[in-house]
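Remarks on the structure that follows.
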Protein chains: 2
Amino acid sequence: MPSDSHAGEAPARNKRADAVRNQQTLLAAAAEVFAVSGVDAPIRQIAAKAGVGMGTIYRHFPTRADLITAVYRHQIQACAEAGPSLLASAGSAFEALRQWIGLFVDFLVTKHGLADALQSDSSRFAVLHTYFLDRLEPVCAQILDAAIDAGDIRPGIQPYELMRGIGNLCIGRGSDPRYDPGRLIELLLQGLQQTQDSKEPGTPLSPKPGTQSCL
Amino acid sequence: MPSDSHAGEAPARNKRADAVRNQQTLLAAAAEVFAVSGVDAPIRQIAAKAGVGMGTIYRHFPTRADLITAVYRHQIQACAEAGPSLLASAGSAFEALRQWIGLFVDFLVTKHGLADALQSDSSRFAVLHTYFLDRLEPVCAQILDAAIDAGDIRPGIQPYELMRGIGNLCIGRGSDPRYDPGRLIELLLQGLQQTQDSKEPGTPLSPKPGTQSCL
DNA sequence: CTATTATTCGGAGCGATGTTCCGTTTTGTC
DNA sequence: GACAAAACGGAACATCGCTCCGAATAATAG
């Protein structure tokens, strides 16, 4: 395949010089603004910091998700590539899973509001969502499979669900010192770790059929 | 204490007739709009549906959180009151915890975007956050303590953290059929259920000190 | 019943933000 | 240097939260 459309990997020969220059400038400005004001910072602010008009931003990055994706592309890629190597280097598949999740969490948590944006209800960030998943879900699946094969964790968990859950748990970290996503994710891992012969899932979580309907 | 200021419990005698009428109308309209468009629906839309001006809405419910709180007050109260009775009726403290969490999840999940709003990054919804916690955290703490005393779950988990985590896991349900908060919460419960003598927490989740710093 | 007063109502208006659109400028090519 | 295509800039429009104050209305006094 040729180089991709937008996002800052390969400038692509057929673009005008000022275009690639502006794209670089925009990525740098966006990275800086994101670090300070979070990924929800006003577009105008990014445009101002880059010294370009707003039309320019929208031409290069039609949606905010495109811009976020481009800014963090390298980190996402690094996280994806860390998967197989962790699987090789860690003592066990479970340990690899734990460490990979650690990387993933660290990535989400150090970006202001990234986790929030990722799970944003509406489809404003569908592109971002898709990109994350395309890159990381296969990696997660591979580690998960290895851990299941090794008997480290119980089967049945889906990569998508796990990543999404972890992403959700990372939302809002920092708003209250009493909340530490790491502890809950650790708990989740413990639950995953149980062998299936111990306690089975039990009754479904939803309220008992006849209980009441006031909620 | 006298009847509370805003929110739809006791109309309070000293208010004008049209004021209490409008308050009722607003609560009904808001409930309807919330059910359709989520708790982030534009204020104007609620005002329009209620057939009042926006000034009226803001006088009765200074912040959006006040309105949300008022609309769901009964349900929150019911959830709070269900705690002790579950503790009495369920077979074990752990089962009570599971069922209470089931109620809590059911409540969050059936309200469009309520979970999202609850954990909203900024402090727009501080009041909502506070109200939820004031009512439900003690209940959660009580069940948790009972479960710990009974040896059903490992100690160390804080009620706030658990509720917050559950709330986070409920975010975005419905956007993708592959994501079911219930399964992950079940996993969390399993992790909580482990006795502390089995596998201890292990190395901290954060990446190993010397690993790398690219993320 | 009417006049007075205090409360409540309604919506125009302001500022912030996302997004589009088109006249102007810049760049690459001949 | 001239020309066309590509890119730029920012004005303009739409939406939304929130405030503010004259108008309307209910409670009360006479």
(request) Being in contact with a Gly (Cβ under 7 Å, 6 or more places away or on another chain) and not small (Gly, Ala, Ser) narrows it down to one of A:99, A:158, A:190, so name that one. (result) A:190
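Condition first: assigned to a loop (DSSP other than H, G, I, E, B) and either surrounded by fewer than 22 Cβ atoms within 10 Å (Cβ to Cβ) or touching a Pro at 6+ places or on another chain (Cβ under 6 Å) (or both). Now tell me which residues in region B:154-178 satisfy that.
B:154, B:155, B:156, B:157, B:158, B:170, B:173, B:174, B:175, B:176, B:177, B:178
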(request) Within region A:79-112, count every residue that is part of a loop (DSSP other than H, G, I, E, B) and of a type outside the set (S, T, N, Q). (result) 4
(request) From the list B:115, B:141, B:147, pick out the single residue that is within 12 Å of chain A (Cβ to nearest Cβ), out of contact with any strand residue (DSSP E or B) (no Cβ under 6 Å at 6 or more places or on another chain) and either among the hydrophobic types (A, V, I, L, M, F, W, C) or in a helix (DSSP H, G or I) (or both). (result) B:115
(message) I'd like to know if region B:21-30 contains one or more residues that are crowded, with 22+ Cβ neighbours inside 10 Å, modelled with pLDDT of 95 or more and closer than 30 Å to residue B:180 by Cβ.
(response) yes
(message) If I ask for residues that are closer than 20 Å to residue A:171 by Cα, within 12 Å of DNA strand C (Cβ to nearest atom) and in a helix (DSSP H, G or I), which ones from region A:35-66 would you list?
(response) A:37, A:64, A:65
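Could you pull out the residue among B:104, B:125 that is more than 9 Å from chain A (Cβ to nearest Cβ) and either surrounded by 22 or more Cβ atoms within 10 Å (Cβ to Cβ) or closer than 19 Å to residue A:169 by Cβ (or both)? First the steps, then the outcome.
Working: B:104 fails: more than 9 Å from chain A (Cβ to nearest Cβ).
Answer to the selection: B:125.
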(request) Please identify the pairs in which a residue from region B:23-42 that is among the charged types (D, E, K, R) has its Cβ atom under 8 Å from the Cβ atom of a residue that is at pLDDT 95 or above, counting only partners at least 6 apart or on another chain. (result) B:32/B:49
(message) Given (1) over 23 Å from residue A:111 (Cα atoms); (2) among the hydroxyl-bearing types (Ser, Thr, Tyr); (3) within 16 Å of DNA strand C (Cβ to nearest atom), identify the lone condition not met by residue A:89.
(response) (3)
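Filter region A:86-145 down to the residues that are aromatic (Phe, Trp, Tyr) and under 13 Å from the mean Cα position of the chain (by Cα), then identify the one that is modelled with the lowest pLDDT.
Checking each candidate, the answer is A:125.
The values are calculated or read from the model by the stated rules, or taken from the named source; none is laboratory data. Values in this document were obtained by computation on a predicted structure and should not be read as measured data. Counting neighbours? That spans all protein chains shown, and the Cβs are built from the backbone with ideal geometry, glycine included.
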